[in-house]
Structure formats: C-alpha cells, structure tokens
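Notes for the one structure printed next.
Derivation of every value follows stated rules applied to the coordinates shown; laboratory data play no part. Nothing here was measured: the structure is a model prediction, and the numbers come from that model. Virtual Cβ from ideal backbone geometry, glycine too; neighbours counted across all protein chains shown.
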C-alpha cells in the first residue's frame, strides 16, 4: 500500500473513531424502566389421548429495563439494549383423561427471566413510535416454574423471533415472546404408568407497560420533555438559566489594583459548564465604575450581574531625581502616580 493511500485509510479510521466518541458523549445511557408490567401468558398445550387445552394467565409481577432510555440514533433508527426482563405469571393446571385414567400437572409459579442483555434496532413506525425484531438466536431466557410442588429451571430460546414496539411519546412498551415447551404427563401408575407421554405445546408471553423515563429533578416530568431537567417545575413555568452572582462591591486605593473578586455562574437547567467574563478596564479611573459580569452556558444563553468598583487614590505620586553625567551638571526628574 502506497504512502498516500495509507494516510487516507488512517484519516478515515480517525474520523470514524471521533464520530463514535461524539455519539457516546452525547448519549444519556440511563435506562427507562417498567416496574409493574401487565399482560398475559397464553398456553397452547397438547394433553394425553390427543386432546388439547388453551389457558390464559395474567402477569403477576416483574420488571423491565431499557437502555438508553431514548435509544441511540442511527440514521432514522434507534439502537436499544434490553438489559433486564423478569416477569412472573399466575399458575395454571392441565389434565387429560384417557378413559378412566387421568394425568394432570399443576403450575403454581411461572417466571421468565432474560439471561443476558440483548441489543436491537428499532425502526420508525408512527409519530415517535418504533417497532423492533430480535433474532431468536440472540434471545436467551430462563424459565423458572414450580410444577406439582417441585422447582424447575430451564434455559430456552424462543421458537420464533421476538417482536415488540416502543412509543417514546407515551412511554408504552410491548414485547411478544413465543417459546416451545414439552409437558410430561403420567397417570395410572402402579408397576408401569397407563399414561406416560411427553406432549408438545407453546407458551406466548405478551407483556407491556409504561416506561418510566429518567427524571433528574423528580418533578414528574421526564428529562426529555422537561424545559428545565435540573430544577423542579412540574407546571413547566419558565426558569431563568444560567444564573450569575457578581462579587460584592469593592473599594480600591490604587487605579492599578485589580483585586475585584470573581463571579459565580450556574447552568440551572442543564447542569453544564458556564463561562464567566467581565468588562472591567485594564486600569480603573478615580471614582465609581460599574463592572458587568456575564455567564454563558453551553447553549449560548446568558445572564448578567453588576458590581461597583470604587477607586479612592490614597497612594501619593512617586518622584525620582537621577544625576546625569558628568555628575553635578544636571539631573533627570521622573514621577509616577500609582
């Protein structure tokens, strides 16, 4: 590879890294969470003697966390990571009769837990709504249930791709997960069991909820909708930002003294850096001078405050008399007023 081409490749790599760094700095990675998900677990299950049952049980608890709360922009799409999904469901029972013999199972607890975080791309739908599809091979869950009093755990992947939707305006989130399962039925057991079969079925989790977005000032308005995220204002009334406090008025005793203190500025709404400046002259005149201090935040919003600097000249002028050469013929006189 020639030198020019190598330099071009290096430049492209550097620009790409810089772009990723800017994106990382601009993204707020705090999660949005659902503490009380709702929904159902739909059970479709074959049972002994070629019968079939359908059961629908409700979500009983759990939690979901999505990061970043508003996603990371990728063109028109959004990148999210599902970092927590733990949902529990009410129990259910299933039984099948083969003549006079019955086989049954009873689930008193059912839980589904995401084993590791998974990232996905959400594509635009309507308004600020997005839909997503997660390939089944990337989605690993642990199913925890208590069957006939015994605790069971199993790692599974969905039987089809996971789908869902996110609405960043309303905060609504939904996810659809279909998993294959096999139930073991036994009945009429003495030396051998009259019923002893493994029957196939599916469980479909349809879970939804309202995402709670980060709310730094805890005023009930999410940061991305709040006109001042760092100051509580639930009614969204205007908040002055930045603010600045000039130093106290000061009296100096020399025109060249510049000990006037410093101002304090605060970005009330954004919590970012504030630049402080003033219009003080290099040399103060006798009497009073109004110094204006200005605070500028990262969005170029400004605020100003003033300070009075008063100069009372109490320093007498200095005079010097230097003999010239030859000595005694003349003198050089100089004076300085501080």
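Label sites at residue 90 and residue 28, each approximated as a point 7 angstrom past Cα along Cα to Cβ, lie 3.8 nm apart.
Sorted ascending by nearby beta carbons within 10 Å, beginning with the fewest, 203, 332 become 332, 203. Counted residue by residue at 0.36 nm each, then reduced by the alpha carbon distance between them, the extension gain from residue 53 to residue 117 reaches 19.7 nm.
When each of 145, 42 is scored by the number of other beta-carbon atoms lying within 10 Å, the sequence from fewest to most is 42, 145. In plain terms, the chain from residue 148 to residue 332 could stretch by 54.9 nm, reckoned as 0.36 nm per residue minus the Cα-Cα distance. Using a Förster radius of 56 Å, what is the FRET efficiency between residue 312 and residue 233 based on their Cβ-Cβ separation? Nearest 0.05, please. In this case the efficiency is close to 0.80.
Taking the helices alone, the chain has a mean residue ellipticity at 222 nm of -2500 deg cm²/dmol, built from -39,500 (n - 2.57) per DSSP H run of at least 4 residues and averaged over all its residues. Extension gain for residue 280 to residue 161 (0.36 nm times residue separation, less C-alpha to C-alpha distance): 36.2 nm.
Need one number: % antiparallel among DSSP beta bridges in the chain, to the nearest 5.
Values: 115 of 118 bridges.
Antiparallel bridges make up about 95 percent of those DSSP assigns within the chain.
Restricted to Cα atoms, segment 60-158 shows a radius of gyration and a Dmax of 18.6, 64 angstrom. Over all Cα atoms in segment 27-210, the spread is summed up by Rg and Dmax: 19.1, 66 Å.
The Stokes-Einstein estimate for the chain, based on a Kirkwood radius over Cα pairs and taken at 4 °C with 1.567 mPa s viscosity, is a diffusion coefficient of 48 µm²/s.
What list do you get for 245, 235 if you sort them by fewest beta carbons within 10 Å? The partial results should precede the final answer.
Details: 245 14, 235 6.
With the fewest neighbours first, 245, 235 line up as 235, 245.
Can you tell me the orientation of helix 3-26 relative to the chain, as the angle in degrees between its alpha-carbon axis and the longest Cα principal axis, to the nearest 10? That works out to roughly 80 degrees.
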